[in-house]
Amino acid sequence: MPALRCPWLAGTAKSPLEVCPLYYWNWLRHIVRLPETTNFPTAPDPAVAEMSDPAAIEMAARPSDPFPRRSIALRHLDAGSCNGCESELSLLSSPDYDFTRYGFSFTPSPKHADILVITGVITEAMVPIIHNVFEQMAAPKRVLALGTCAIDGGVFAGAPGVVGSLSGIVPVTVAVAGCPPSPGDILRGLLTIADHRDPLASRKAVSR
Ligand code: SF4
């Protein structure tokens, strides 16, 4: 900020009324700052879009209640993953994907969470825990089924103790397919939940 010397205090003006109004305007301009970002981005970078699979995102449900848009907390629940999905999920906070610019962040508490992200194969032992975490979340809340295991059991489907699909346990809003899905697809899935539309298919109107 450049130094603003007051002509009144410097003794070159006899009264504050003699000071040019532009001095006061410059003074106000430097102490009242407009926000630097006024438009919230709604689509991933083209580079992220290029790494995405157009068929990966499936919107399973279209909730009609409004959803908080500017700041969305994610609670991740590992229901029995091989950690492949977690590796990709953790890249969302890297500089390449930087999901915080869209308003997303992780939270350890279900009570603070807006979106429940579930990875891994759904076993019978995890069903009550998934119910418990989902019930602790405050409405409006959404569920992201992340990876083939969470969607239909993947390679573990039919194994003893494996329930299979997450959709019969909690209401799944968006499913992101892949084993594992790419971070670009996960980001698209999150943006689809936030906006009710896939950013890569934004030309198509979505009817609720
Ligand atoms: S979908 Fe693939 S990467 Fe993800 S937990 Fe299952 S086996 Fe692992």
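The values are calculated or read from the model by the stated rules, or taken from the named source; none is laboratory data. Remember, it's a predicted structure, so these values are computed and weren't measured experimentally. Heads up, the Cβs are rebuilt from the backbone with ideal geometry, glycines too, and the neighbour counts pull from every protein chain shown.
What the table shows:
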read-out: Residue list for region 167-179, restricted to those being touching a residue at least 40 places away in the same chain (Cβ under 8 Å) and more than 12 Å from the ligand (Cβ to nearest atom); value: SER167, ILE169, VAL170, PRO171, VAL172, THR173, VAL174
read-out: Region 123-139, subset within 23 Å of ASP195 (Cα to Cα) and surrounded by fewer than 12 Cβ atoms within 10 Å (Cβ to Cβ), residue modelled with the highest pLDDT; value: ALA138
read-out: Enumeration of residues in region 147-173 that are within 21 Å of GLU135 (Cβ to Cβ) and either touching a Phe, Trp or Tyr at 6+ places or on another chain (Cβ under 9 Å) or buried (at least 24 other Cβ atoms within 10 Å of the Cβ) (or both); value: ALA150, LEU166, ILE169, VAL170, PRO171
read-out: Subset of region 158-185 that is in a loop (DSSP other than H, G, I, E, B) and of a type in the set (A, V, I, L, M, F, W, C) - its residue that is farthest from ILE118 (Cα to Cα); value: ALA159
read-out: Top-ranked residue of region 76-105 - restricted to ones that are of a type in the set (Gly, Ala, Ser) and crowded, with 20+ Cβ neighbours inside 10 Å, ranked as nearest to the ligand (Cβ to nearest atom); value: SER81
read-out: Residues of region 144-160 that turn out to be within 25 Å of PRO63 (Cβ to Cβ), among the β-branched types (Val, Ile, Thr) and either near the ligand (Cβ under 7 Å from one of its atoms) or at pLDDT 95 or above (or both), as a count; value: 1
read-out: Test result for PRO63, surrounded by 15 or more Cβ atoms within 10 Å (Cβ to Cβ) and of a type outside the set (Asp, Glu); value: yes
read-out: Yes/no for ILE122 being over 19 Å from ASP65 (Cβ atoms), free of Cβ contacts under 8 Å to residues at least 60 places away in the same chain and not basic (Lys, Arg); value: yes
read-out: Residues being over 16 Å from LEU191 (Cα atoms) and either in contact with a strand residue (DSSP E or B) (Cβ under 9 Å, 6 or more places away or on another chain) or among the aromatic types (Phe, Trp, Tyr) (or both) - total across region 137-158; value: 10
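Residues checked against (1) within 16 Å of the chain's Cα centre (by Cα); (2) away from the ligand (no atom under 16 Å from the Cβ); (3) modelled with pLDDT under 95; (4) not charged (D, E, K, R):
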position	(1), (2), (3), (4)
ALA47	no, yes, yes, yes
SER52	no, yes, yes, yes
LEU74	yes, yes, no, yes
VAL121	no, no, yes, yes
